[in-house]
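The values are calculated or read from the model by the stated rules, or taken from the named source; none is laboratory data. Small disclaimer: the values here were computed from a predicted structure and weren't measured. Neighbour counts are summed over all protein chains in view; Cβ atoms, including those assigned to glycine, are modelled from backbone coordinates with ideal geometry. For the accessible areas, the whole protein counts, side chains as well, though only heavy atoms, and no ligand, DNA or RNA atoms are used. Shrake-Rupley method; radii C 1.70, N 1.55, O 1.52, S 1.80 Å.
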Amino acid sequence: MAVVAARQLSSPASRQRIPLRRQRSRMAAFGASLSALIAALVVVGMLDLVAPTPAAAQSFTYNPRPPKPSRPPAKNDGQMLVQATEVDYDYNNQRISAVGNVQMFYNGTSVEADKVIYDQKTKRLHAEGNIRLTDADGKITYANIMDLSDDYRDGFVDSLRVDTEDATRMAATRADRTGGNYTVFENGVYTACAPCKDDPKKPPLWQVKGARIIHNQTEKMLYFENAQLEFFGVPMAYLPYFSTPDPTVKRKSGFLMPGYTSVSTYGFGVEIPYYFALAPDYDMTINPRFTTRQGVLLQGEFRQRLIDGSYQIRAYGIDQLDPGAFAGQPGDRQFRGGVDTKGQFALNDKWVWGWDGVLLSDYYFFSDYRLAQYKDPLNSFLSLPTEAISQLYLTGVGNRSFFDARTIYYLSFSGNQDKVPVIHPVIDYNNVINSPIFGGEFSYKTNFTSLTRETAAFDPITTLANTGGLCLNASADPLARLPSQCLLRGMPGTYTRLTAEAQWRRSFTDSIGQIWTPFAIARVDAIDASISNQPGVSNFLPVGDTQALRVMPTVGFEYRYPFINVQPWGTTTIEPIAQVIIRPNETYAGKLPNEDAQSLVFDASNLFSVDKFSGYDRVEGGGRANVGVQATTQFDRGGSINVLFGQSYQLFGLNSFAVADVTNTGVDSGLATPRSDYVARVNYSPNRTYTFSTRARFDQATMNVNRFEAEGRANFDRWSVALTYGNYAAQPELGYLTRREGLLGSASVKVAANWVVSGAARWDLEANKLNQYIVGAGYVDDCFVLAANYVTSYNYSAGTTPPTLGHAFMLQIGLRTIASQAGTGSGSGSGIQ
């Protein structure tokens with residue numbers, strides 16, 4: 001290492017002035033010692049990255065320092081630049097001193113001080129006065145006095161303060177280093193909060209103080225003694241002793257932040273997780289939950305990351321002390337538990353395979369103990385899944401192709417396991433040919449599905465069937481399980497289908513701007529069904545073995561003629577659209593199982609779909625024309641509006657939507673008549689603040705509203721609001737006997753610089769009551785998070801059982817760089833239990 005420059009020299013009687021050209025050899029030794037000084041300061045300064053907290057006896061105050069001077073660009077060339085008012089060499093005492101505005105730059109790190117002295121006899125470095133170290137990462141360390149051996153194994157630093165690039169701060173009255181391994185910080189204090197701009201000496205929002213912080217460099221551990229957590233200078237928690245890995249350790253065995261829950265069936269629960277860093281590529285967490293009513297719920301998780309992927313396994317188990325708390329429910333048993341696992345591995349850059357797996361002692365276990373997706377009570381405001389999925393899959397993605405194969409086992413959370421299918425397997429593949437064929441785009445897709453179900457699944461569609469239990473599998477009523485009373489949601493037995501479809505299309509634009517798009521589609525379905533002869537099934541489908549080959553050739557064209565009008569205020573495009581489709585009737589219409597095409601909502605989004613069924617088990621047949629007009633305006637000052645209005649016509653042949661199948665798909669959809677209902681859409685966005693949209697379906701004969709949705713959103717600097725209105729006509733053939741109408745609203749307001757209040761509610765307008773709402777408030781700043789949410793909702797069940805009122809509460813506290821923890825409580829009845 002070489003010293004590049006020294007600014008000025010002085011020479012009292014006991015010292016000798018050395019010309020700059022002759023001092024380089026002696027300054028080289030000084031430079032080597034200064035590099036040790038920098039390294040020592042780096043070792044001390046790195047401790048500010050502690051994730052848990054340091055400590056102090058006095059309040060953390062922030063004394064602004066003068067702005068750091070500019071410095072030359074850092075170079076990793078092993079050279080050191082030293083600048084000072086004076087650089088002296090004392091021959092008698094063998095000391096080298098840099099005095100006055102000392103600045104040292106080395107490999108991206110700079111040190112500033114009033115004075116730096118190196119004693120060659122004692123081999124110690126001494127720096128004093130406004131010491132400031134800035135490392136290459138932007139971390140800044142301040143001190144008043146520092147004294148270290150030149151190998152920085154022993155020494156001390158007085159009045160230490162560290163500011164990091166991520167805005168964390170640490171201070172101590174003194175730091176002592178011994179044996180090259182132990183560093184002890186006296187009266188330490190740590191915070192991740194910025195100082196108050198108006199009063200820097202004011203205590204921050206939170207800080208952690210401690211009498212001593214001990215760093216064991218060999219163990220890479222930090223030990224805290226007599227630590228306390230303060231908010232605005234007021235002590236809130238006391239810890240006589242705790243330890244944590246130092247910042248150089250990414251993973252370390254030890255206790256994690258505890259958590260708590262409260263549910264009426266198991267009482268108050270406290271979780272104390274312990275983390276095991278077993279190896280660089282795998283770890284384990286044991287998380288017992290101690291409950292006041294049911295005992296200890298054991299939870300464990302194992303994770304491993306391999307070269308090409310990762311997997312994890314979670315296990316749960318409890319020997320319940322009071323099973324009677326779940327009387328009349330699946331949880332009324334002594335032992336309950338479960339296992340869930342998932343993993344994914346890459347075969348190459350295009351192919352991955354993986355799995356998800358769930359095994360439970362009973363289907364209410366997760367929800368009763370708030371595990372997995374039930375852990376967050378805010379999810380009760382959303383629609384939670386009714387089953388867990390166990391699956392094994394293989395997926396590949398190409399430039400214009402996609403492959404997916406998986407076998408799926410659904411674990412029902414409602415207890416109807418025998419009515420849930422086992423899929424073995426479902427395979428999808430689609431591809432778009434890169435090269436044009438006959439000047440157009442050619443694509444193809446295939447689907448193979450095979451599933452098994454033990455017991456038929458019926459759903460009631462009349463009041464009599466609902467109240468009289470006519471759709472129950474065990475009902476002996478002569479009217480039970482008739483198509484006039486029930487739907488067959490799932491057939492018992494085995495069902496296998498192979499579908500292959502090829503499509504070609506090409507667009508032409510003529511001389512006057514009309515766009516013509518002819519297309520041709522060929523689809524083949526091969527079906528094999530073995531349907532069990534269970535009570536009532538023969539009313540819907542032929543029982544026994546059934547084989548069918550369904551062929552659907554299709555030709556057609558789509559016509560568009562856009563008219564563009566340019567004005568000073570914007571551009572408007574009006575586009576008539578017509579689509580003509582020619583194909584034969586759907587074969588076996590309504591006579592085959594329907595497992596994947598049970599959902600059909602006719603609106604503007606699928607008006608111009610060639611096949612409007614949602615799955616492969618049904619295929620649209622017969623000649624059809626879809627017509628409409630679309631208008632779009634783009635305003636020059638921002639904003640746009642889009643309007644679409646149209647209708648569909650059955651031209652000839654059998655109308656597939658008028659044929660009732662086992663689930664009445666298509667009936668009451670607005671497509672069952674020769675002239676469909678009218679559909680419309682309006683999207684309006686005047687600027688970035690507001691968005692409005694409406695979707696509607698009107699009866700083709702009376703113009704009555706059969707389906708209407710309207711949504712509005714507004715986002716401002718300090719608040720946002722969203723409101724959705726839905727109005728849906730009765731669909732008795734699908735089991736909706738009365739009109740449904742409701743409102744769903746949500747809003748959030750930033751009431752102050754760091755405070756946010758939010759809420760959401762769902763109002764059933766037909767019943768004229770609020771059936772679900774959530775309110776919450778939160779505080780968020782650069783170092784602290786506090787959030788509280790309260791949720792209440794009605795839980796509806798089938799039959800005449802009245803809905804039950806459920807409540808949930810969640811409190812979340814987070815201290816940046818230290819911890820974030822949430823607590824939950826929930827119950828039923830009139831309040832939190």
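Okay, here's what the table says:
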{"quantity": "Identity of the residue in segment 601-611, surrounded by fewer than 22 Cβ atoms within 10 Å (Cβ to Cβ), outside any helix (DSSP H, G or I) and touching a residue at least 24 places away in the same chain (Cβ under 8 Å), that ends up nearest to the chain's Cα centre (by Cα)", "calculated": "Val601"}
{"quantity": "Segment 564-582 - residue that is in contact (Cβ under 8 Å) with a residue 24 or more places away in the chain and more than 30 Å from Pro553 (Cα to Cα) and, of those, surrounded by the fewest Cβ atoms within 10 Å (Cβ to Cβ)", "calculated": "Pro568"}
{"quantity": "Selected residue (only one of Arg506, Arg550 is open to solvent by 20 Å² or more (accessible area, probe 1.4 Å), touching a residue at least 60 places away in the same chain (Cβ under 8 Å) and farther than 30 Å from Arg697 by Cα)", "calculated": "Arg506"}
{"quantity": "The listed residue being surrounded by fewer than 20 Cβ atoms within 10 Å (Cβ to Cβ), in contact with a strand residue (DSSP E or B) (Cβ under 6 Å, 6 or more places away or on another chain) and closer than 30 Å to Asp428 by Cα, out of Ala631, Ala660, Ala625", "calculated": "Ala625"}
{"quantity": "Residue ID - farthest from Gln299 (Cα to Cα), chosen from residues in segment 253-278 that are of a type in the set (Val, Ile, Thr) and part of a strand (DSSP E or B)", "calculated": "Val263"}
{"quantity": "Strands (runs of 3 or more DSSP E) completely within segment 460-545 that count 3 or more residues being of a type outside the set (Phe, Trp, Tyr) and farther than 23 Å from Gly615 by Cα", "calculated": "515-531"}
{"quantity": "Given (1) closer than 17 Å to Phe784 by Cα; (2) buried (at least 17 other Cβ atoms within 10 Å of the Cβ); (3) not charged (D, E, K, R), index of the condition Ala227 fails", "calculated": "(1)"}
{"quantity": "Of the criteria (1) touching a strand residue (DSSP E or B) at 6+ places or on another chain (Cβ under 8 Å); (2) open to solvent by less than 60 Å² (accessible area, probe 1.4 Å), which one Cys196 fails", "calculated": "(1)"}
{"quantity": "Residue match in segment 535-542 (condition: closer than 29 Å to Asn626 by Cβ and touching a residue at least 60 places away in the same chain (Cβ under 8 Å))", "calculated": "no"}
{"quantity": "Residue in segment 231-243 that is surrounded by the most Cβ atoms within 10 Å (Cβ to Cβ), counting only those that are at pLDDT 85 or above and over 32 Å from the mean Cα position of the chain (by Cα)", "calculated": "Gly233"}
{"quantity": "Odd one out for Ser414 among (1) touching a strand residue (DSSP E or B) at 6+ places or on another chain (Cβ under 7 Å); (2) more than 30 Å from Ser507 (Cα to Cα); (3) surrounded by fewer than 17 Cβ atoms within 10 Å (Cβ to Cβ); (4) not aliphatic (A, V, I, L, M)", "calculated": "(1)"}
{"quantity": "Pairs with Cβ under 8 Å, 6+ apart, first in segment 329-355 and in contact (Cβ under 8 Å) with a residue 60 or more places away in the chain, second polar (S, T, N, Q) and not in a strand (DSSP E or B)", "calculated": "Gly331/Thr265; Gly331/Gln320"}
{"quantity": "Residue selected from segment 418-459 under the condition outside any loop (DSSP other than H, G, I, E, B) and among the aromatic types (Phe, Trp, Tyr), by the criterion surrounded by the most Cβ atoms within 10 Å (Cβ to Cβ)", "calculated": "Phe458"}
{"quantity": "Enumeration of residues in segment 182-193 that are under 10 Å from His215 (Cα atoms) and open to solvent by less than 20 Å² (accessible area, probe 1.4 Å)", "calculated": "Thr183, Phe185"}
